[in-house]
1. For the range 1-39, which positions are in a helix (DSSP H, G or I), surrounded by 13 or more Cβ atoms within 10 Å (Cβ to Cβ) and without any contact (Cβ under 8 Å) to a residue 24 or more places away in the chain?
2. Sort through Leu156, Leu152 and tell me the only one that's within 24 Å of Leu115 (Cβ to Cβ), of a type outside the set (Phe, Trp, Tyr), surrounded by 21 or more Cβ atoms within 10 Å (Cβ to Cβ) and touching a helix residue (DSSP H, G or I) at 6+ places or on another chain (Cβ under 6 Å).
3. Of the conditions (1) surrounded by fewer than 21 Cβ atoms within 10 Å (Cβ to Cβ); (2) touching a residue at least 12 places away in the same chain (Cβ under 8 Å), Phe163 fails just one. Which one is it?
4. Can you tell me which residue in the range 100-144 is nearest to Val5 (Cα to Cα), limited to those that are surrounded by 14 or more Cβ atoms within 10 Å (Cβ to Cβ), modelled with pLDDT of 95 or more and of a type in the set (Ser, Thr, Tyr)?
5. Hey, can you tell me all the residues within the range 72-99 that are part of a helix (DSSP H, G or I) and either buried (at least 16 other Cβ atoms within 10 Å of the Cβ) or aromatic (Phe, Trp, Tyr) (or both)?
Amino acid sequence: MTGPVLGDDGLVRPSWASVDPLLREYYDTEWGMPVRDEQELYERISLEAFQAGLSWVTILRKRPAFRAAFADFHPDTVANFTEQDVERLLGDAGIVRNRAKIRATITNANATVALRAEGGLVDFVWSFQPDSTPEPRSLDQIPTSSPESIALSKALRKKGFAFVGPTTMHALMEAIGMIDTHLVDSHRRGSSGVWPR
């Protein structure tokens, strides 16, 4: 099913957010809302990287464990993680135990700290906001990348970030409200305040 789904509460959502209670709560309260705080944005970039190849609900279920494992995604703290920390994290069954993604999270913490000298992660990421946003009526009308997500991916890589491919960055842009890919009929369309309904 790719079109909007009418929930038992009378609200319209996409099919991916209409069944699982955790996804529904995430969709209704968090997804697509602007993130303009460095620590929160670093967390989102980290979780999007861990999600690559997995379902988002898996990441949401593990989010409390991720926060515990990565010091609430405090960039300065994670930037100082050592090889001992990598091994500790590889032994943590509560998170996704992928060495490359764990290392990328540490790498990206260092890159986040370094980017402060140029105005910071938030301004850098939001500078790639496009002039318009999609207006999808079904899930198959939502792109998985865009010229802006490709440009953001390249720019972040130049700044030392890892696991920030164009598709991952497009998902980030959706999640933090840089673009509004809520279905046109969804009760959340336009709720970010970034784009008109």
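The values are calculated or read from the model by the stated rules, or taken from the named source; none is laboratory data. Note that the coordinates shown come from a computational prediction; the quantities given were computed from them, not determined experimentally. Please note: Cβ atoms are built from the backbone with ideal geometry, for glycine as well, and neighbour counts cover all protein chains shown.
1. Across the range 1-39, the qualifying residues are Ala17, Arg24, Glu25.
2. Exactly one residue qualifies, and that residue is Leu152.
3. (1)
4. Thr105
5. Within the range 72-99, Phe73, Pro75, Val78, Ala79, Asp85, Leu89 qualify.
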